[in-house]
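Here is the structure we will look at.
The values are calculated or read from the model by the stated rules, or taken from the named source; none is laboratory data. These numbers come from a predicted model, not from an experiment. Using ideal geometry, Cβ is built from the backbone for each residue, glycine included, and neighbour counts are taken over all protein chains shown.
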Amino acid sequence: MLEQLRARLDALGRRLRRLERRELDAVLRWIERTGNLLHLSVLVFVPLLIGAVTWLSNATAIVSFLLFPPLASGTYTLFADPEGRYSDPWTFVGGMTVGACCGWVAIAVVSGLGLHSGTVSAAGAALGIFFTGALTWALDLEEPTAFSTALLVLVTGNAQPIYVLGIVVSSSFVAAAFVVWRDRFYEQRARYLYQTTSGDDHVLVPMSERCGAAGVDPATVARFAAELAGAHEAGKVVLFETVYEERDGGEATESAADNDDLDDSDERAADTVDAIERLAADLESQYDVPCEVIVASDDRPDPSARLVLQTARAQNCDLIVTPYAEDDRGGLSSFIRGLFDSEIDVIAFRTSDGRTEWRQVLVPVRGAGDTARAMTDFALRLAGRYRPVSVCTCIKRESRRRKAENTLANLIDAFDGRFETHVVTEPVAQYLSRVDSQYDVVFLGSSTDRSAASRFVSPPTFEKVSDLDADVAIVHRGRHR
């Protein structure tokens, strides 16, 4: 009884840990989206910085509470749009300081001319805004908060010098914090958040010809996998072959013909292993990546996704690159669908002319989500340091161009590499058919993150472009990573 209770508690604990990992993975994927990351940064850093400035205001008379409204607004602008025109730290500090100085000068001019009237001088306000607009334009410091600091100086009384000094101190403090956040975290978010940039190093390649479509050379697929793995120092390639062993449920026979068949089968298996081992040695020397060979027996004539996944987990592989294969209806084969239904990343690779180098790479994307980032990272590994990766998105209406350009900017900004971007008012299948001859490989998403209804209304792109001149790499991100 006690053992049964312990077993149930252990099972419950494992279930809770799996649930916890899934929730954590869901949170991490939510944060990976640039828009969500920026919103979260605004919620965290803007209150902290304003709180720190408030503490400084209470501790010293240099920082006036009057500068809080423009400071809070400017801080939000920095963190909400770190790549925008108003998010330069020098522009931020300089604009606010110039605005305060212009307001101070306007008060002095109005007072010298005897035009000051009322609690707040209307002439001083107008002149301060004029000076601010002219000077920020001339100095290329167009900063919205500069106009706020120019107006607020009108109600400081005789404390204009202290007010200006407080703006310099507080805005410099905020700008310094922003620079650290942007340089050390935001621009390095691919390194800290995007899992493919620090993973997908150990790549398993099913080598059985039964895994792919007719005419697909598994050796070409293995070279593609070696290119991906070799881009990282921790990369490794595992070539996995299965040998089909037919098992007769009846009584064994010992005729000479049976023995000859067994000898022929063993000889073919030995030849297959020798060929794969030679390929492994070639990959190690050509791509400078460790390469292992694993051979397992399988009693099923069709390739087993379960056996491949078990081997990948046992070998600590986080990416499977498999030959592309279709079923009778033109969809993905049951073998590839079985691989997709796992926590491991998968690339189904479709070759066109047996090329062994992939330098000109195209990545069509619908957004800046998880799969798009994975495809971009894989593309950078192939293109190398000196060749640009082409990233494109297709839109239906010209009015969506600016949003599409921002999406591409958010996607590629996190990566350290060379890019060229295209926004095309054209159906994606038509665009790929027009430009495919310019590229060696095109990365496409598997669309497994879409609902069945969505895929029925709009089939995956890779099903619409079956005759491209370029190779096609269909990327699937594993579940519950």
Residue in the stretch 249-267 that is in a helix (DSSP H, G or I) and at pLDDT 90 or above present: no
Looking at the stretch 386-416 only, could you name the residues that are part of a loop (DSSP other than H, G, I, E, B), over 13 Å from the mean Cα position of the chain (by Cα) and not β-branched (Val, Ile, Thr)? TYR386, ARG387, PRO388, LYS396, ARG397
Would you point out the residue of the stretch 171-209, among those that are at pLDDT below 65 and not small (Gly, Ala, Ser), that is surrounded by the most Cβ atoms within 10 Å (Cβ to Cβ)? ASP200
Taking the conditions exactly as written (hydroxyl-bearing (Ser, Thr, Tyr), in a loop (DSSP other than H, G, I, E, B) and in the same structural domain as PHE224 (by TED's automatic domain parsing)), does SER342 satisfy them or not? yes
Kindly evaluate ALA368 against the criterion of being surrounded by 19 or more Cβ atoms within 10 Å (Cβ to Cβ) and over 16 Å from the mean Cα position of the chain (by Cα). no
Check GLY74, GLY51 and return the single one that is in a helix (DSSP H, G or I), over 22 Å from the mean Cα position of the chain (by Cα) and free of Cβ contacts under 8 Å to residues at least 12 places away in the same chain. GLY51
Being modelled with pLDDT of 90 or more and among the aromatic types (Phe, Trp, Tyr) is the filter here, so list the residues in the stretch 400-458 that pass it. PHE419, TYR431, TYR439, PHE443
Out of GLY384, GLY417, which single residue is within 25 Å of ILE31 (Cβ to Cβ), in contact (Cβ under 8 Å) with a residue 12 or more places away in the chain and surrounded by fewer than 22 Cβ atoms within 10 Å (Cβ to Cβ)? GLY417
Looking at the structure I just gave you, is LEU67 modelled with pLDDT of 70 or more, part of a helix (DSSP H, G or I), over 19 Å from THR145 (Cβ atoms) and not acidic (Asp, Glu)? no
